[in-house]
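Since every read-out is calculated from the coordinates, none of them should be taken as a lab result. Bear in mind that the values here come from a model prediction, so they are computed numbers and not experimental data. Using ideal geometry, Cβ is built from the backbone for each residue, glycine included, and neighbour counts are taken over all protein chains shown.
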Amino acid sequence: MEYTILILLLPLLSFVFTGLLGKRLKPSVAGWIGTIVTAAVAFLSYWTAISYFGAGRDASGVFPTQVAWNAVWLPFTENLHIDIGFLLDPISVMMLIVISTVSLMVHIYSFGYMKGEKGFQRYYAFLSLFTMSMLGLVVATNIFQMYIFWELVGVSSYLLIGFYYTKKEAIAASKKAFIVTRFADLGFLIGILIYGYYTGSFSFEPGSEALGMAKTMLPLALGLMFIGGAGKSAMFPLHIWLPDAMEGPTPVSALIHAATMVVAGVYLVARMFPLFIGYAPDVLHITAYVGAFTALYAAIVACVQSDIKRVLAFSTISQIGFMIVALGVCTSADPHEGGLGYMASMFHLFTHAMFKALLFLGAGCIIHAVHSNEMSAMGGLRKYMPVTHITFLIACLAIAGIWPLSGFFSKDEILAACFDFSPWMGALMTFIAGLTAFYMFRLYYSIFWGKENKELHAEHRPHEAPASMTVPLIFLAAVTLVAGWIPFGEFVSSDGQAYHIHIDWTVAGISLCVAFIGIALATWMYLREDRKVADGLASRFSGLYKAAYHRFYIDEIYQFVTHKIIFACISTPIAWFDRHVVDGFMNLLGKGTVSASGAIRGMQSGNIQKYTVWFLGGALGLIVVLLLF
Amino acid sequence: MDFSQIFTYMYAEIALIAVIVTVFLYDLISGKRGRRFFHPVMCVLMTAFIAATIVPYHDGTGETFGGMFVYTPVFNILKGILAVGTLIVFLQADSWLRRDDTEFKRGEFYVLTLSTLLGMYFMISAGHFLMFFLGMELASVPMACLVAFDKYKNNSAEAGAKYILSALFASGLMLFGISFFYGTCGTLYFNDMTAHIDGSPLQIMAMVFFFSGLGFKISLVPFHLWTADTYQGAPTSVTSYLSVISKGAAAFALMVILMKVFAPMVHDWQLMLWIVIVLSITVANLFALRQKDLKRFLAFSSISQAGYIMLAVISGSAIGMTSLIFYILVYMAANLAAFGVIGTVEQNSGGKVGMDDYNGFYRTNPKLAVVMMLALFSLAGIPPFAGFFSKFFIFAAAFEQGFHILVFIALINTVISLYYYLLVVKAMFINRNDSPIAAFRSDCSTRIGLLVCLAGVLVLGIVSSVYDCINMFSFGM
C-alpha cells in the first residue's frame, strides 16, 4: 500500500505550489488545484478504506494493524526513534474518510463562499496545509509523529483563524487559539517525553515488558497527554479559544473547528485507549468527568448565545464532551463488558463530523445571505432559502438525536455506555442531550421562523446560496440521513472484534422523549413571532441569563489571572531584572567583545614578515605548553 | 610488483589524472573556437568522473606501492565530496572565466585546480610521510598560481606572493618536523611508526611542527594570518575553492594521521587542539566582527569554521570522523553558496564586495538575497538548515569524549558568530540604500551551482540517510 504516501504528499505539494506562486496564480486556478488534489486524496482514502476493510479480518478476528510505509527519521537508540510513517487500523482509516470527505466538501463550498475575497489563493494553500497535517496526525505510526503533525494543525488553524488579518478580532482570536492550545501542548510534549523515557520507545505499542517497567509513570504520562488533547478538543477550562476561533471564515470553522481538528483530542485518547484501560483506568475516568462537565457547561452557555456561530461553537464543545465521556466511562476493552463507549465515541465522532460540518456550512449560507452573525438580523428565512432550511433542519434533528437520523444511533450508544458506568452519569448525559435538542431548535427557529427583521431584509433581500455551496449541503445531509445505518461496530470496536450494534430501547426511548421535550419547549418559546415566554424567563432569571451569556465569565477570570496576577506580579519584576541586569551584562559583554577585537587588530598587519613571526611563535608556544603539561 | 593492485585501489587518482591529461590536451588543440565549448566539456568530464568514482568499489582496506598508498571506503566518500565541490566551483567560475582577460587561460585554471585536487587525494590516501608531503606540495604550489591568477591586478599578485611565502615557510617547518620523526622512529611508514611513538620532547616538537604545516592549510590560529589577505586578493572562485575544498581535505588528513599515527600521544594532541580551537574560534570571531569587505569577512568566518571542524577531530572517535565528513559536506554547500552569490555579484556589478554595497540588495535581487541568507543561516547553525545539524553532531561528538568546557566555549562563540552573520542579512534586507546593486540575471551555470548548494543547505540536515550513509562507511576505518 505504498500509494498511501500520496495521501500526504499531494496536499503538501499543493500547499507548496499554490503557496509559493501566491498571487501570480489566478484565484480560480488555485481553487481548482486545491479541490482536485483534495478530491484525489478523498478517492485514495476511500480506496484505502475499501482495500483495508476488504482484506478482511485475520485469524484472531480483528482487522490487523498495518504500517503502509515507515521511515526512521531520527534514531536515538535502537528502540527510541522518531519515525514518519502511515499506520492503518480501523480508527485511522475511519478518520481518513471523515477528514477527506469534509475537506473536499469545504473546498467545493469555499468556491462560492470565498468568491472575490482578497487572498483567495492563500486561503486554498492553507486549506491544503491543514488537510495534509490532519491526515498526517491520524495516520501517525508513533506518538512523536502525531505530535509533529499535531503542531502543524495548530499552525494551520492559527493561519486560517487569522485569515482576515486586517480585522482586529480575527488577529486576537488567532493568537488566543494558538497560545491556549500551545500551552496545553506543553503538557502533551512532557507526557511524550516521560512516556519515551520510561518505556524507551515512542511507539503506540512498546510491548508489555517495557510497559511493565514504566507502570508507575504511565498514568502521569497519559494524564499529561490528555491535557494536550483537552487543549485541542476545547475541554473545560481550556475551551476559551474555540468560540473566538469563529472569527475565521465559516468553511474553516466547519472543517477545523467542528469536524476534524477539534476531535484530535478524542482521537488521541482513542489511540492511547489500550494503555489507558490497561495502566491508567483512573485517569480515563477523570477524563469522563472533565468531558461531562464540559458538555453540561457548554450546553447551558449555548442556550443563550445570540451569535449563531457561537451557538454552534458551544454545541461543538458540548458534543466533543460527549465523545470524551464515552471513552472515559469504559471500564474494560471488551465491548460487551463496559467497553462499549469506545465504539460509541468513534461512531459519534463520525456522525458528528458530518452533521456539524453541515450545520456550519448552512450557517455560512445564512451569513452569506444576511451579512451578519446575529440572530436579530435573521428570522423567517425559510421562505428565502429552502435548501439551506431543509438541510439545516435535518442536521438539527440529527444532533438532537431523533430517529432515524445518524445522531440518534451514535448518541444512543453513548448514553447506553454511560448508564452502564453509573446511573448518575447516564442521567446527566441524557439531560444534556435534552438541552442540546432545546438550544439547537432555539437556533433553528430564530433563524428560519420567528420574527423577521423586515427592515434589513427589505434593504438587502436574502437569497439562496449558489450551487457550489448548496451541493455540499445536500451531500452532507444525505450522509446524515443514512450514516446511522452503517454497522459501525463491525468496523470499529474496543477489542477489534466485530460488535453487533443493538439498540437498547429503554435508553433510546428515554433519550427520544427528552429530545422531544427539548424540541417542544423550543417550539413553544421560539416558534412564534413574539417570544413572550423566552423574554419573560430571561428577565426573571436575569442574573443567570447574563452569566450564561457571558459564558460564566471564564474569559474574564483568565484575563484577571493573566493580567492582574501573572503579568503584574511576576512578569513585571522579571522584565525589570531582564532590562537592567541581564541586558546590562550582555551590553557589557558586547562592548567587551568589540574592544577585544580592537585590541588584537594589530596582529593582522598585512606584513608577511610579522606573519611568519606569529606563525613560528605560535608553534613554539604550543611546544612549550605541551612540554609543561 | 603487482600492478593490478594499483588499478584496484588507485582508480580515483588514475581517473583524475586521465581527466587532467584530457583537459590539458583539449586546451592545447582546441584553439579559440573549441574553447567556447570548454565549459560544457569540463562539466561533462567532471560529472562522469564523479559518477565513476564516488561509490567505493571495495569494502575493506587495501594498500599499494608497498604501503605508500592506502585505500579505505571512507576516504573515497570524502574524495567524492571534494570532487562535487570542485564541480560546483567550476560552475560558478564560468562567468568570471568568460571575461576577455581570462578566457585564453581558462584551460590553465582547470588544470591547476584539478592538480591541487589530485594533491589532496594523495594527501588523504597517504600511508607514508613523504607521500603525504608530496601530496601536500602538489596541493599548495598550483594553488599559489591560482591565487595569483589575475596577475595584472595588484591585489591578486600580492595575495599570491603572500600565499606562496607562507606556504613555503609552513612546508619548511613541516619537513623539519618530519625529519625529527625519522630521527626518532627510523621509519616514515604510518603503520610502522606507531610502535616508536612515545611522546618524548623531541617527538612533541616534531608533532607541533608537523601540525603547524597542516594548520596553515586549514588556517587555524596562529597559523592563519595569510588567510584574510589571500582570500581578499584572490579571484572569488579561487577563494571559494580555497576555503572549502582545500580546508576540508587537510582537516580530514589531519584527523586520519592523528588517529592512526599519533594514537599514543593522544593527550598531547588533544591539549594542542584544545588550545588551537579556542584561539581559532575566538580570534576569528573577534576579527570577523569588524570586517567591511565580504570576502575578508568570509575569510574570518572560515577560520572560525575551521575551529569548529577541529572539534570533530579532537574527539578522535568514529562518530567524530562521521561528523567531520558531514560537517565538511554541509559547510561546503553553505560556503560555496555564499561565495557563489558574492562572485556573481562581483562579476555583474563591477566588482562590488563591500558590506555597504549590499544594503538594499533584497529589493533589487530578491532570489540571490534569499540564497545568501539561507547560506549564512546554515553557517551560523540556525535550525532547520543543514548547518544546525552538522554543528549539533560535532558538538555531540566532542561532548561525548568529555570536552565539556570546550563545547561550552564553542557554543558561546556560535552566539557571537550569529551576530556578524545576521549583520550581512540585515544589510541585505533591512538597510536602505540610494544606489543599490542593480538588478541582474546571473548566468545559467552559476544558477545551477547555486541551486545545488541550496538543495544541500535545505535537505542535508533533514534527510537523515546522508548521515547514516557516511556513518556506515566510517566504521570501516
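Summary of computed values
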{"quantity": "Global form of segment B:160-266, assessed from the alpha-carbon gyration tensor, a/c cut-off 1.5", "calculated": "prolate"}
{"quantity": "For segment B:214-291, diffusion coefficient by Stokes-Einstein and Kirkwood Rh (Cα), 10 °C, 1.306 mPa s, µm²/s", "calculated": "116"}
{"quantity": "Per-residue mean of C-beta atoms belonging to partner chains within 10 Å, peptide B:205-212", "calculated": "4"}
{"quantity": "Cut-off 12 Å between beta-carbons: net charge of the residues surrounding residue A:72, Lys and Arg +1, Asp and Glu -1", "calculated": "-3"}
{"quantity": "P(r) tail fraction, chain A - alpha-carbon pairs more than 40 Å apart, %", "calculated": "32"}
{"quantity": "Rg/Rg_ref, segment B:3-476, where Rg_ref = 2.2 N^0.38 Å and atoms are Cα", "calculated": "0.93"}
{"quantity": "Total formal charge among the other residues, if their Cβ is under 11 angstrom from that of residue B:148, Lys/Arg +1 and Asp/Glu -1", "calculated": "+1"}
{"quantity": "Whole-angstrom gap from segment A:417-462 to segment B:55-73, using each part's C-alpha centre", "calculated": "80"}
{"quantity": "Computed lengthening from residue B:24 to residue B:5, 0.36 nm per intervening residue step minus Cα-Cα distance", "calculated": "4.1 nm"}
{"quantity": "Shielding of B:410-418 by partner chains, average beta-carbon count, 10 Å", "calculated": "1"}
{"quantity": "Over segment A:203-309: Kirkwood hydrodynamic radius from C-alpha pairwise inverse distances, Å", "calculated": "15.3"}
{"quantity": "Residues with amide H under 5 Å from that of residue A:85, placed H, sequence gap 5 or more", "calculated": "A:71, A:141"}
{"quantity": "Sequence-separation-based contact order of chain B, relative, with Cα cut under 8 Å and 6+ spacing, percent", "calculated": "16"}
{"quantity": "CD proxy at 222 nm, helix term only [per DSSP H run n ≥ 4: -39500 (n - 2.57); per residue of the protein assembly as shown; nearest 500]", "calculated": "-23500 deg cm²/dmol"}
{"quantity": "Inter-centroid distance (Cα atoms) of segment A:487-563 relative to segment B:398-477, Å", "calculated": "57"}
{"quantity": "Environment charge at residue A:484 (Cβ cut-off 12 Å; Lys +1, Arg +1, Asp -1, Glu -1)", "calculated": "-1"}
{"quantity": "Within straight-line cross-link reach of residue A:23, lysines at Cα separation under 23 Å, skipping those fewer than 8 residues along the same chain", "calculated": "A:115, A:118, A:167, B:367"}
{"quantity": "Computed magnitude of the charge dipole of segment A:420-487 (debye, nearest 20; Cβ of K, R +1, Cβ of D, E -1)", "calculated": "100"}
{"quantity": "Cα-based Rg / Dmax (Å) for the protein assembly as shown", "calculated": "35.4, 112"}
{"quantity": "Exposed trypsin sites (Lys or Arg not before Pro) absent: longest stretch of chain A, with sites in DSSP loops and at most 16 other Cβ within 10 Å deemed exposed", "calculated": "A:216-450"}
{"quantity": "Reachable lysines, given that their alpha-carbon falls under 16 Å from the alpha-carbon of residue B:162 and they are not under 8 places away in the same chain", "calculated": "A:610, B:151, B:153, B:217"}
{"quantity": "For residue A:67, residues with placed amide H under 5 Å, excluding near neighbours", "calculated": "A:88"}
{"quantity": "Pairs beyond 21 Å (Cα-Cα), from A:26/A:309; B:79/B:247; A:168/B:426; A:176/A:232", "calculated": "A:26/A:309; A:168/B:426"}
{"quantity": "Packing-based ranking, highest mean first, of A:357-367, A:289-299, A:69-79 given that Cβ atoms within 10 Å are counted", "calculated": "A:357-367, A:289-299, A:69-79"}
{"quantity": "Qualifying aspartates and glutamates (Cα of each under 17 Å from Cα of residue A:411; at least 8 residues distant if same chain)", "calculated": "A:420, A:504"}
{"quantity": "Listed residues A:241, B:350, A:92: farthest to the positive end of the dipole of the protein assembly as shown (Cβ charges)", "calculated": "B:350"}
{"quantity": "Percent of Cα pairs exceeding the 22 Å cut-off, where the set is segment B:52-132", "calculated": "38"}
